[in-house]
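Notes follow the structure.
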Amino acid sequence: MKYSIFSLARAALSGHKGWTRAWRDPAPKSRYDVVIIGGGGHGLATAYFLAHEYGIRNVAVLEKGWIGSGNAGRNTTIIRSNYGLPGNTGFYELSMKLWERMEQDLNYNTMVSQRGIINLYHSDAQRDAFARRGNTMRINGIDAELLNAVQIRKELPFLNYDNARFPIMGGLLQRRAGTARHDAVIWGYARAASEGGVDIIQNCEVTGFVRDANGKVTGVETTRGRIGAGKVGMAVAGSSSRVAAMAGLRLPIESHVLQAFVSEAIKPLIPGVITFGAGHFYVSQSDKGGLVFGGDLDGYNSYAQRGNMPVMEDVCEGGMAIMPMIGRVRMLRQWGGIMDMSMDGSPIIDKSPIDGLYLNAGWCYGGFKATPASGLVFAHLLARDEAHPEAALFRLDRFRRGAMIDEKGQGAQPNLH
Amino acid sequence: MRIACPFCGERENGEFTYLGDASPERPNFAVDGRESPDRVEDAFYDYVYLRDNVAGVMREYWYHGGGCRSWLVAERNTVTHEFISVTAAPGAGAASAVRAGE
């Protein structure tokens, strides 16, 4: 069903009884051209682009729970392309451009809202770093504005400008950044992929790989039986090491837990996304009015999908430092997601050393904003067997070659990225 | 999550800093140029970048910066956050002091 103002009016007049399933629920076939493990944003976007951009329609997406039950439902919904390093700059801008036309492409309201992101700076050194990053962005045709404290005060009058330790001196603004509705992104891609012929198979956990005599991956063993595949793509961020281990592969990845928080709903307060540059804190306001915020990883390896108190305290301190008034707001709920923390903080989209197995991993905690571009470039890799130009640097062997993409300059220490 | 430091007793984990997996060992090659560069490179690539990243019990280094400032080795389940054991890291200051009977 094509959604439009007319389909909405028609359904309204018939008491909303005529809506049909948004995507099919087929039984798994015995073989597909491409099997994608992982029904999150990246897996579904990949399937969508395989069907609609590259004409490969005999595709299955296998999800061990329900689609979008992992990190897709555990993020803070921010989209942006304010990156400074070669490899990242172009890739995230490609993603931003796909966000901007997503609703038209998918015929689905993903509530993309370009209300801007401001990264605050609190020292001369940080201003210089942000100026450099903003210049890099503008050289690459991406919007960026460096604001001083007076200009920030006009946009965000409620911040604490008199903090003696972390005075707000200004910020880097990207107006085209913003937020999108995370669940709608999943549903939109699922619906469009399903319409393109993709089989979305839920409650189907991959338990092993099928290999031929040469070691080539020719399918997967699942809880719903063996499924043959011409190619297998992994998009299981958080569990990449576990799934890769079934194929005997070790990755430059650790799994860590990142917490996020939502407050009770309040009147519209925060116009866009604000990040606190001196600590690690970022906040936006949802359409329902809740403040959505987060900060650092808990810092230790975890598969538990829940965090611990010290980081909760640290995040709230970060919030209080720039917006003391949010101390009056009650926290409604908190959750933890499991992240693939790669050794340099950047993703890996590449063929694996095993024939027939392809990797989309290592998103650290920045995977949501990458969803559309990740799907496009991974579909490109699966369809053409060569890297998409905008993802040419996200290679698995970059660590061995010393060609890291270390946006934060932390070195090979995953819990610091 | 609370960590039972062998020197200070049970403390909340905010007092501790995490280093990571305790299993990788720094490769040790003689500096006589006889080892093939490829083998040395492989060994260091493995040591610096590759991780088992187990879902289950792993041995890991923690530093008790908010307490006795000792390096500790903990066995912890990464799925449940349950600690199985916490001992002094071999060779760390406090551990050697305990061995010396101080």
ask   = Is there a residue in segment A:59-72 that is out of contact with any helix residue (DSSP H, G or I) (no Cβ under 6 Å at 6 or more places or on another chain), open to solvent by 20 Å² or more (accessible area, probe 1.4 Å), touching a residue at least 60 places away in the same chain (Cβ under 8 Å) and over 20 Å from A:TYR358 (Cβ atoms)?
value = yes
Scanning segment A:167-201 residue by residue, the ones that are hydrophobic (A, V, I, L, M, F, W, C) and in contact with a strand residue (DSSP E or B) (Cβ under 8 Å, 6 or more places away or on another chain) total 11
In segment A:339-355, residues that are open to solvent by less than 10 Å² (accessible area, probe 1.4 Å) and either touching a residue at least 60 places away in the same chain (Cβ under 8 Å) or within 14 Å of another protein chain (Cβ to nearest Cβ) (or both) total 7
Subset of segment B:1-51, residues within 14 Å of chain A (Cβ to nearest Cβ), open to solvent by less than 60 Å² (accessible area, probe 1.4 Å) and hydroxyl-bearing (Ser, Thr, Tyr), comes to B:TYR18, B:TYR45, B:TYR49
Selection from segment A:377-402 of residues closer than 20 Å to A:LEU85 by Cβ, away from every other protein chain (no Cβ under 14 Å) and of a type in the set (A, V, I, L, M) yields A:VAL377, A:ALA387, A:ALA391, A:ALA392, A:LEU393
Looking at the structure I just gave you, is A:ASN82 open to solvent by 20 Å² or more (accessible area, probe 1.4 Å), farther than 18 Å from A:ALA184 by Cβ and among the polar types (S, T, N, Q)? no
Restricted to segment B:71-102 and to residues being in a strand (DSSP E or B) and either small (Gly, Ala, Ser) or modelled with pLDDT under 85 (or both), the residue farthest from B:ASP52 (Cα to Cα) is B:ALA88
When segment A:379-400 is checked residue by residue, the ones that are surrounded by 21 or more Cβ atoms within 10 Å (Cβ to Cβ) and outside any helix (DSSP H, G or I) are A:PHE394
The correct count of residues that are closer than 19 Å to A:TRP335 by Cβ and either surrounded by 22 or more Cβ atoms within 10 Å (Cβ to Cβ) or within 14 Å of chain B (Cβ to nearest Cβ) (or both) in segment A:237-260 is 8
When A:VAL210 is run through (1) in contact with a Leu (Cβ under 8 Å, 6 or more places away or on another chain); (2) surrounded by fewer than 21 Cβ atoms within 10 Å (Cβ to Cβ); (3) aliphatic (A, V, I, L, M); (4) part of a strand (DSSP E or B), the failure sits at (1)
Of the listed residues (A:GLY272, A:GLY290, A:GLY277), the one being under 23 Å from A:ASN82 (Cβ atoms), modelled with pLDDT of 95 or more and more than 14 Å from chain B (Cβ to nearest Cβ) is A:GLY272
By residue number, the members of segment A:271-284 that are farther than 28 Å from B:LEU19 by Cα, open to solvent by less than 10 Å² (accessible area, probe 1.4 Å) and not hydroxyl-bearing (Ser, Thr, Tyr) are A:GLY272, A:VAL273, A:ILE274, A:VAL283
- [ ] Assess whether A:GLY319 counts as being more than 14 Å from every other protein chain (Cβ to nearest Cβ), without any contact (Cβ under 8 Å) to a residue 60 or more places away in the chain, of a type outside the set (A, V, I, L, M, F, W, C) and crowded, with 16+ Cβ neighbours inside 10 Å.
- [x] yes
Taking segment B:61-82 and keeping residues in contact with a strand residue (DSSP E or B) (Cβ under 8 Å, 6 or more places away or on another chain), surrounded by fewer than 19 Cβ atoms within 10 Å (Cβ to Cβ) and within 11 Å of chain A (Cβ to nearest Cβ) leaves B:TYR61, B:GLY66, B:ASN77, B:GLU82
Exercise. Determine if segment A:358-375 includes at least one residue that is surrounded by fewer than 19 Cβ atoms within 10 Å (Cβ to Cβ) and under 30 Å from A:GLY230 (Cα atoms).
Key: no
Worksheet item: Quick check: is even one residue across segment A:100-114 surrounded by fewer than 21 Cβ atoms within 10 Å (Cβ to Cβ) and in a strand (DSSP E or B)?
Response: yes
Given the conditions (1) of a type in the set (Phe, Trp, Tyr); (2) surrounded by fewer than 24 Cβ atoms within 10 Å (Cβ to Cβ); (3) out of contact with any strand residue (DSSP E or B) (no Cβ under 9 Å at 6 or more places or on another chain), every one holds for A:TYR48 apart from (2)
Of the residues in segment A:403-417 that are part of a loop (DSSP other than H, G, I, E, B) and facing chain B (nearest Cβ under 10 Å), the one that is surrounded by the fewest Cβ atoms within 10 Å (Cβ to Cβ) is A:GLY411
Of those in segment A:144-195 that are free of Cβ contacts under 8 Å to residues at least 40 places away in the same chain and part of a strand (DSSP E or B), the residue least open to solvent (accessible area, probe 1.4 Å) is A:LEU147
A careful count of residues in segment A:293-306 that are facing chain B (nearest Cβ under 9 Å), of a type outside the set (Ser, Thr, Tyr) and surrounded by 18 or more Cβ atoms within 10 Å (Cβ to Cβ) gives 4
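The values are calculated or read from the model by the stated rules, or taken from the named source; none is laboratory data. What you see is a predicted model, and the numbers here were worked out from it, not measured in a lab. Using ideal geometry, Cβ is built from the backbone for each residue, glycine included, and neighbour counts are taken over all protein chains shown. Remember, those area values only see protein heavy atoms, side chains included, never the ligands or the DNA or RNA. Shrake-Rupley method; radii C 1.70, N 1.55, O 1.52, S 1.80 Å.
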